[in-house]
Amino acid sequence: MGSNGNIDSGNRTALVLGATGGVGGEVARQLRDAGWTVRALQRNAADAVQQRDGITWLRGDAMQRADVMRAADGCSVIVHAVNPPGYRRWAELVLPMVDNTIAAALAQRATIVLPGTVYNFGPDAFPLLREDSPQHPQTRKGAIRVQMEERLQAASRQGARVLIVRAGDFFGPKLGNSWLSQGMLKPGQPVTAISNPADAGVGHQWAYLPDVARTMVELLGRRDSLAAFERFHLGGHWDATGRQIAEAVQRVVARRTGQTPRITRTPWWLLRLASPFVATLRELMEMRYLWQQPVRMANDRLVAVLGREPHTPLDTAVEETLRGIGCLPEPTPRALAME
């Protein structure tokens, strides 16, 4: 049904904004594999419409409302997984993009899916975050995240539906911009050392991206029974000591190569010196507080709705990630046979 009527619950057509990125790409693939018809926007597409890997790619820009409205026509779901590249112009671009998504969702009476973060929260909500914990962020990015969610909640009162799935730091085989692949390891190179950003003994919240996407798809399958505005937290992988992810990398690399990489401390003093000149480092420094105190997410509500949380074992998730970012050799047929 087009933009003049309500989308029925049997409509399984979704638009994914940010499908060329790690989060959006994973959600698009998993929606496709679950039987959804998936559309995606791509700014530099050669043709107006392309069919690739079972996804319909449309030429368009998430910053252009007309492009988003046109792409969303007939969709019952819009996945808003788009962010400014390289953290550039964040404050200038993020809210206009979510406003475009909201306009399209209101026209279609569609459900907006937002991958959420812990940036919304400040120390008054730590150490255990629940969906309704107070949102008093201490960073610029966190303040913008709060505004995004406020605008989405307002849209849910006007006819759209909203599903926010908050998780810890993402890692995964096709996620380029993450702490694990950028701050702890060097993509495309064998792992000889792991730079660990956590203060000694400080726990940290992680989320394996394929599990996050699977959770979103499963929640969408139950969206008719959910309220118009819903938020869920993933338990993900809780690193209780601040070293468990690094130690998992050690185990996987040792098993695959026979060499055990060393774990080193992230040189925060060096990042601070360089941060005035590198935008990405400035953003990393702003988020350092998440490595200096434990911040964990409670997933009781998610488990109550789904019955359990999709969860890949840590070593399996780390191995797939390392292989995906080019840090592990592909296993030989003999090695596979021995497993």
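Those residues that are of a type in the set (Gly, Ala, Ser), in a loop (DSSP other than H, G, I, E, B) and in contact with a helix residue (DSSP H, G or I) (Cβ under 7 Å, 6 or more places away or on another chain), I need them from segment 16-73; list them, please.
Those that are of a type in the set (Gly, Ala, Ser), in a loop (DSSP other than H, G, I, E, B) and in contact with a helix residue (DSSP H, G or I) (Cβ under 7 Å, 6 or more places away or on another chain): GLY18, ALA19, ALA34, GLY54, GLY60, ALA62.
Would you tally the residues in segment 211-240 being surrounded by 18 or more Cβ atoms within 10 Å (Cβ to Cβ), assigned to a helix (DSSP H, G or I) and small (Gly, Ala, Ser)?
Qualifying residue count, segment 211-240: 1.
Output the residue which, of all residues in segment 244-264 that are of a type in the set (Gly, Ala, Ser) and surrounded by 17 or more Cβ atoms within 10 Å (Cβ to Cβ), is nearest to GLU319 (Cα to Cα).
Filtering segment 244-264 for residues that are of a type in the set (Gly, Ala, Ser) and surrounded by 17 or more Cβ atoms within 10 Å (Cβ to Cβ), the one nearest to GLU319 (Cα to Cα) comes out as ALA248.
Would you list the strands (runs of 3 or more DSSP E) that sit entirely within segment 140-210 and hold 2 or more residues that are within 30 Å of ASP224 (Cα to Cα)?
Hits in segment 140-210: 161-166, 169-171, 204-208.
What are the residues in segment 265-305 that are buried (at least 17 other Cβ atoms within 10 Å of the Cβ), among the aliphatic types (A, V, I, L, M), in contact (Cβ under 8 Å) with a residue 60 or more places away in the chain and in contact with a Ser or Thr (Cβ under 9 Å, 6 or more places away or on another chain), if any?
If the condition is that a residue be buried (at least 17 other Cβ atoms within 10 Å of the Cβ), among the aliphatic types (A, V, I, L, M), in contact (Cβ under 8 Å) with a residue 60 or more places away in the chain and in contact with a Ser or Thr (Cβ under 9 Å, 6 or more places away or on another chain), then LEU284, MET287, LEU302 are the ones that fit.
So which pairs qualify, if the first residue must be in segment 211-231 and at negative phi, the second must be among the acidic types (Asp, Glu), the Cβ gap must be under 6 Å, and the two must be at least 6 apart or on different chains?
ALA213/GLU26; ARG231/GLU131
Please enumerate the residues belonging to segment 109-157 that are in contact with a Lys or Arg (Cβ under 7 Å, 6 or more places away or on another chain) and among the acidic types (Asp, Glu).
GLU131
Looking at GLY35, is it over 21 Å from ARG109 (Cβ atoms) and at pLDDT 95 or above?
yes
Looking at segment 165-178, can you tell me whether even one residue there is surrounded by fewer than 18 Cβ atoms within 10 Å (Cβ to Cβ), under 18 Å from the mean Cα position of the chain (by Cα) and among the β-branched types (Val, Ile, Thr)?
Checked against the condition, which is being surrounded by fewer than 18 Cβ atoms within 10 Å (Cβ to Cβ), under 18 Å from the mean Cα position of the chain (by Cα) and among the β-branched types (Val, Ile, Thr), segment 165-178 yields no hits at all.
Evaluate segment 250-258: report whether one residue or more is free of Cβ contacts under 8 Å to residues at least 40 places away in the same chain and either of a type outside the set (A, V, I, L, M, F, W, C) or closer than 20 Å to LEU175 by Cα (or both).
yes
Could you list all residues from segment 103-121 that are outside any helix (DSSP H, G or I) and more than 20 Å from the chain's Cα centre (by Cα)?
ARG109, ALA110
The values are calculated or read from the model by the stated rules, or taken from the named source; none is laboratory data. Predicted, not measured: the structure shown is a model, and the values here were computed from it. Don't worry about glycine lacking a Cβ; one is built from the backbone with ideal geometry, like all the others, and counts go over all protein chains shown.
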